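The values are calculated or read from the model by the stated rules, or taken from the named source; none is laboratory data. Predicted, not measured: the structure shown is a model, and the values here were computed from it. Reconstructed Cβ throughout: ideal geometry from the backbone, glycine too, with neighbour counts over all protein chains shown.
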Amino acid sequence: MAEINVAGNSAPPRSNPRIVALIAVIPISILLFPMVHGCWANYWILHDGERGMAEITIQLSIAQNTVAYRYIVNQKEYTGKSARNDENPRYRDMPAGGHSPVYYSASHPWLSSLKRPDTIIPALPVVCVLLWLECTTIITLIDPSNKWAIRSQ
């Protein structure tokens, strides 16, 4: 039943917080997943990383300077995609078919990068904000009356 205000007109319907949370959780997850995966890959490359040589197979994005590549670890071929190694001018503009150093995890050889990571979490403030938003939207989906839930007014 619609709420009636003092003037006798019906009040506009309130939005359901679970619907708002469901709409918000999807794009946040789409942004957050690659960041968390990148942090996981960086951790393992820094933890037990080794260096090998990769063959550049194709240019994926000129704007982001990313390429696809393949490399071999223990007689098994792996593929990856990464930004080019722009720290060394020799490998900065390596064309398809050229070779570039690849850094990969010894325990997880499918995790690799052409550029050695500087840190585990490159965009810590962004990851923290997205994790907070993701948590509050999930809390809202589970229990809209929780004190940490998103409130719609």
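Yes/no matrix, rows are residues, columns are (1) among the hydrophobic types (A, V, I, L, M, F, W, C); (2) farther than 30 Å from residue 23 by Cβ; (3) modelled with pLDDT of 95 or more:
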| site | (1), (2), (3) |
| --- | --- |
| 44 | yes, yes, yes |
| 50 | no, yes, yes |
| 111 | yes, yes, yes |
| 116 | no, yes, no |
| 124 | yes, no, no |
| 129 | yes, no, no |
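Name the pairs: first residue in region 64-79 and without any contact (Cβ under 8 Å) to a residue 12 or more places away in the chain, second residue among the charged types (D, E, K, R) and part of a strand (DSSP E or B), Cβ to Cβ under 6 Å, at least 6 apart or on different chains?
77/70
Check off (1) surrounded by 17 or more Cβ atoms within 10 Å (Cβ to Cβ); (2) in contact with a helix residue (DSSP H, G or I) (Cβ under 8 Å, 6 or more places away or on another chain); (3) more than 21 Å from residue 37 (Cα to Cα) for residue 86 and give me the number that stays unchecked.
Among (1) surrounded by 17 or more Cβ atoms within 10 Å (Cβ to Cβ); (2) in contact with a helix residue (DSSP H, G or I) (Cβ under 8 Å, 6 or more places away or on another chain); (3) more than 21 Å from residue 37 (Cα to Cα), residue 86 violates only (1).
Go through region 55-69 and give me each residue that's surrounded by 13 or more Cβ atoms within 10 Å (Cβ to Cβ) and hydrophobic (A, V, I, L, M, F, W, C). So that I can check it myself, show each step before the final result.
If we filter region 55-69 for residues that are surrounded by 13 or more Cβ atoms within 10 Å (Cβ to Cβ), which is where we start, we get 55-57, 59-60, 65-69.
Hits for region 55-69 are 56, 60, 67, 68.
Quick one: would you say residue 73 is closer than 21 Å to residue 34 by Cα and either of a type outside the set (Ser, Thr, Tyr) or surrounded by 10 or more Cβ atoms within 10 Å (Cβ to Cβ) (or both)? So that I can check it myself, show each step before the final result.
On the way: closer than 21 Å to residue 34 by Cα: no; either of a type outside the set (Ser, Thr, Tyr) or surrounded by 10 or more Cβ atoms within 10 Å (Cβ to Cβ) (or both): yes.
No; evaluated as a whole, the condition is false for this residue.
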